[in-house]
Amino acid sequence: MNVHCVIKQKYYPFIDSLIKCFENGESFEISMPFLKQYPTPSHKKIIPLKLPSGTKWEHITIQFLDYDKVKIQAPGHFTKVVDYRKMGFENLKNGKPNTQWKLLYDLSRYRGDLSWTITTYRKRVDSHPLSTPKIRKQIQRLSDSLKQYFNINESPFYDYVKYEAYKTKFFLLPDPLNSKILCDVTETS
């Protein structure tokens, strides 16, 4: 089946209805109910990941292989390498990773733990490099995107109030070749 045939089958009734409205001198709004019969086209085509049944967030490991790709592991020897596009993290304006992907990548550098104060090996640091006023909404969007891709309805983050941090339920590991040790603060005598 060629593209023209598909377009004709899907949109011909709407176009025909629109032309008849114009020919009869009717306004375009009259044909709008017909348009509502069709689902709104989605620019992001996310195919949910088919995980083994019964998989929970706590069973999943996500490791960045580089900035664009992750390796996902789950029970039953399930392993899959995907990029940000397949997971639905593409910025549709420029084709690059979106803000949620950057947040996920940055979270991986802290092993999935974002608190306003972090304790390092020897010293307490009062401000986390990722702490911003917008972080709550970004975490919510990231959570929604992850739930959609992994097809798991519960939140991928532990309760913020209980843990006093945004902490992923899944194991989140950084890119091994480009990870920096961010929490190692050494003191010299």
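The values are calculated or read from the model by the stated rules, or taken from the named source; none is laboratory data. Values in this document were obtained by computation on a predicted structure and should not be read as measured data. No Cβ is skipped: glycine too gets one built from the backbone with ideal geometry, and neighbour counts run over all protein chains shown.
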* Using the structure shown, decide if Lys86 is surrounded by 14 or more Cβ atoms within 10 Å (Cβ to Cβ), assigned to a loop (DSSP other than H, G, I, E, B) and in the same structural domain as Lys134 (by TED's automatic domain parsing). => yes
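Are any residues in the range 50-72 in contact with a strand residue (DSSP E or B) (Cβ under 7 Å, 6 or more places away or on another chain) and buried (at least 17 other Cβ atoms within 10 Å of the Cβ), and if so, which ones?
Our first condition is that a residue be in contact with a strand residue (DSSP E or B) (Cβ under 7 Å, 6 or more places away or on another chain); within the range 50-72, this holds for 51-52, 55, 59-65, 68-72.
Of everything in the range 50-72, those that are in contact with a strand residue (DSSP E or B) (Cβ under 7 Å, 6 or more places away or on another chain) and buried (at least 17 other Cβ atoms within 10 Å of the Cβ) turn out to be Leu51, Thr55, His59, Ile60, Ile62, Gln63, Phe64, Val70, Ile72.
Report yes if Lys96 is among the basic types (Lys, Arg), at pLDDT 80 or above, over 22 Å from Pro48 (Cα atoms) and surrounded by fewer than 16 Cβ atoms within 10 Å (Cβ to Cβ), otherwise no. Write out each step before concluding.
On the way: among the basic types (Lys, Arg): yes; at pLDDT 80 or above: yes; over 22 Å from Pro48 (Cα atoms): no; surrounded by fewer than 16 Cβ atoms within 10 Å (Cβ to Cβ): yes.
No, not satisfied.
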* Tally of residues being within 16 Å of the chain's Cα centre (by Cα) and charged (D, E, K, R) across the range 139-166 -> 4
